[in-house]
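Engineer: Have a look at the structure that comes next, please.
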Amino acid sequence: MGGTAKRHSSQLLWMSVFFIIRRKINMLDMKMIRQNVEYVKEKLATRNVDASTIDELISLDEKRRDLIVNTEKLKAERNEVSDKISQLKRNKENADEQITRMREVGQQIKDFDAQLLEVKEKQNNIETHLPNIPADDVPVSLTEEGSIELRKIGEPRNFEFKPKAHYEIGEDLNILDFQRGAKVSGSRFLYYVGKGAMLERAIYNYYLDRNDAAGYTEVIPPYMVNSESMFGTGQFPKFKETQAGFEIKDTDLTMIPTAEVPLVNYYRDEILSDEQLPTKFTALSPAFRSEAGSAGKDTRGLIRLHQFNKVEMVQFTKPEDSWNALEEITAHAESLLKELEIPYHVIELTTSDMSFTAAKTYDLEVWMPEQNRYREISSCSNTLDFQARRSHIQYRDENDQLQYVHTLNGSGLAVGRTVAAILENYQNEDGSVNVPKVLQPYMNGLEKIQ
RNA sequence: GGAAGGUUGGCAGAGUGGUAAUGCACCGGACUCGAAAUCCGGCGAACCGAUUAUUUUCGGCGCGCAGGUUCAAAUCCUGUACCUUCCUCCA
């Protein structure tokens, strides 16, 4: 058992190495890079990619194409001579001379192919680690500073008492149980109990209903996905190297860090017709994150957990529509906060703050009274064709030409953090918490948790 | 978890070592006032490279995927994924 398990996992390792090589995966179009070397260097420099990396990529690409020319020449010869051999054999003539020669050619092909594989591997390793090129209007910054506040909606409430932290409120009301979460699972886990569980459920049902009304098709996706899916949306390979997620041992499965992964990969390796665009999906799912590297940050409360619920929105659009779609998806996420009457602001992330796949990102941050600051509750991004290239999602345009679709994702919204925001913003001096009006129908008319 | 069968172009479907039949669909043409039917011709996804760079042409790859044997693999060998059916088990 132990032996087979071990062999099994080493095979999986090879599988995960090879699926990268097997298909030509361009997150950025190699032809585009080749033709715009300086532009790419300049753009990626704003995302901490060294110019020498691009130089190395270019030289590997040249080497690769040279090898292809050489090896294909030999393969063409082999095909031709093989044809002759088969004719000779059919005529019962002697083909020994040709066969001997081809034996040699075959060896040469093998040698070139081995070299080619090596170069491809190196090239792929660089390519798959290059982040998306930021859109031209994204603020440039190499530090965390520099994001732009686009608008601020709603006035933070004036408290006549010292507002409590959401985790205190939740523990005092017996609706959040972090102690037992830690006992049963560990830190960064909790139980929602009673009206707390009901509040969580009310929020995500409310979100799903609103998203449905906005034209998103509701989906219940798998919560574990294979490596190719993780690759398609841009989590792998970096995610794997930094151990940012939970991978299931001895399998090829990873617990999803966001529903974006199964939603975008829904159409992986498919060609859509242009009537299918735009397609809009929404899903409630738990999100699983190891939070490696965030030790000591947000150790209490609902802000940073290993498992949290999130309602996600994903759109597949034609290239010319994706920038409008980003505004639309953001506006829709905002409408949810407006209806919940929680103060928030919208910021535009900087080049280095954006996720690996994003060309442009808006974050929505809600006001947290006890922390006296805004905290992220939604992130809406346009990845352009970055994910579509990795996951091979194309469509036939009106001229019957194949084109990559554009993909967008946005939280609509993070559920656990919504609970936190409601507890803090709607708290009363006596420790009770009012239920936002729009959620009351989802809580059997309950107006206050006490 | 065990067993058997399967996976070939948009679809259907042949092909057990000599380089992917055939049908439907599709594109072009003929016939027609036009269409259908019929006939003739063409193409068979995607991907990669060279060439041309508005159009092209040539080649590689390509029969679920990955290895191996061979001058040559859809075909033989090994591994593996998925689908179907039957046991087993289970919400």
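The values are calculated or read from the model by the stated rules, or taken from the named source; none is laboratory data. Everything numeric here is computed off the predicted structure, so don't read it as measured data. Here the Cβ positions follow ideal geometry from the backbone for every residue, glycine too, while neighbour counts run over all protein chains shown. What goes into the accessible areas is simple: the full protein's heavy atoms, side chains included, and nothing from ligands, DNA or RNA. Shrake-Rupley method; radii C 1.70, N 1.55, O 1.52, S 1.80 Å.
Engineer: I want the local charge near A:ALA214. Using Cβ-Cβ distances under 13 Å, sum +1 for each Lys or Arg and -1 for each Asp or Glu among the other residues.
Structural biologist: Once positives and negatives cancel, what remains is -4.
Engineer: Suppose every Lys and Arg Cβ carries +1 and every Asp and Glu Cβ carries -1, with no other charges. What dipole size does the range A:100-250 come out with about its Cα centre, to the nearest 20 debye?
Structural biologist: So the dipole magnitude of the range A:100-250 works out to roughly 400 debye.
Engineer: While we're here: Work out the charge dipole of the range A:200-330 with +1 on the Cβ of Lys and Arg and -1 on the Cβ of Asp and Glu about the Cα centre, then indicate which of A:ILE303, A:TYR204, A:ILE271 is farthest towards its positive end.
Structural biologist: The listed residue farthest towards the positive side: A:ILE303.
Engineer: On to the next question. Relative to the longest principal axis of chain A, what angle (0 to 90°, nearest 10) does the C-alpha long axis of helix A:51-90 take?
Structural biologist: So the helix axis and the longest Cα principal axis differ by about 40 degrees.
Engineer: Pop the C-beta distance of A:ALA213 and A:ASN324 into the FRET formula with R0 = 30 Å and round what comes out to the nearest 0.05. Spell out each step's value before the answer.
Structural biologist: Working: r = 19 Å, r/R0 = 0.65.
So, using R0 = 30 Å, E works out to roughly 0.95.
Engineer: Just to be sure I understand the model, the point goes 7 Å from the Cα along the line to the Cβ. What's the resulting A:LYS152 to A:GLU72 distance in nm?
Structural biologist: Roughly 5.9 nm, to one decimal.
Engineer: Another question, then. When the dipole is taken about the Cα centre of chain A, and only Lys, Arg (+1) and Asp, Glu (-1) are charged at their Cβ, what size is it in debye, to the nearest 20?
Structural biologist: 1560 debye
Engineer: If you line up the long axis of helix A:322-340 against the longest principal axis of chain A, both from Cα atoms, how many degrees apart are they, to the nearest 10?
Structural biologist: Approximately 20 degrees, to the nearest ten.
Engineer: Excluding residues fewer than 8 places away in the same chain, name every one of the lysines whose C-alpha is closer than 29 Å to that of A:LYS249.
Structural biologist: A:LYS6, A:LYS24, A:LYS120, A:LYS122, A:LYS183, A:LYS238, A:LYS240, A:LYS297, A:LYS310
Engineer: Taking 7 Å along the Cα-to-C-beta vector as the label spot, tell me the A:VAL193-A:GLU38 distance in nanometres, rounded to one decimal.
Structural biologist: Modelled inter-label distance: 6.6 nm.
Engineer: Place +1 on the Cβ of every Lys and Arg and -1 on the Cβ of every Asp and Glu in chain A, take the dipole about the Cα centre, and give the residue among A:THR258, A:GLN440, A:ALA331 whose Cα lies farthest towards its positive end.
Structural biologist: Checking the options against the dipole of chain A, the answer is A:THR258.
Engineer: Rounded to the nearest 5, what % of the DSSP beta bridges within chain A are antiparallel ones?
Structural biologist: Given both bridge residues lie in chain A, the antiparallel proportion sits at roughly 90 percent.
Engineer: Report the gain in length on full extension from A:GLU160 to A:LYS84: 0.36 nm times residue separation, minus Cα-Cα distance, nm rounded to one decimal. Please report the intermediate quantities before stating the final value.
Structural biologist: Working: separation 76, 0.36 × 76 = 27.36 nm, distance 9.42 nm.
17.9 nm is the gain from fully extending A:GLU160 to A:LYS84.
Engineer: Follow-up question, since we're still on this one. Could I have the simple spin-label model distance between A:LYS92 and A:ALA45, label points 7 Å from Cα toward Cβ, reported in nm to one decimal?
Structural biologist: My value for the distance between the label points is 7.5 nm.
Engineer: Treating the beta-carbon of each Lys and Arg as +1 and of each Asp and Glu as -1, no other charges, what is the dipole magnitude of the range A:87-166 about its Cα centre, to the nearest 20 debye?
Structural biologist: 460 debye
Engineer: Helix A:195-213 versus the longest principal axis of chain A: what is the Cα-based angle in degrees, 0 to 90, to the nearest 10?
Structural biologist: It works out to around 60 degrees.
Engineer: Peptides A:404-414, A:239-249, A:432-442: what's the order by average Cβ count within 10 Å, highest mean first?
Structural biologist: Highest-to-lowest ranking by the protection proxy: A:404-414, A:432-442, A:239-249.
Engineer: When ranked by the protection proxy of mean other Cβ atoms within 10 Å per residue, highest first, what sequence do the peptides A:121-132, A:252-263 form?
Structural biologist: Ranked by mean Cβ neighbours within 10 Å, highest first: A:252-263, A:121-132.
Engineer: In Å², what does the accessible area per residue of chain A work out to with a 1.4 Å probe?
Structural biologist: Per residue, chain A has 49 Å² of solvent-accessible surface.
Engineer: Summarise the accessible area of chain A (1.4 Å probe, protein heavy atoms) by the percent that is carbon and sulfur.
Structural biologist: Heavy-atom surface of chain A belonging to carbon and sulfur, 1.4 Å probe: 47 percent.
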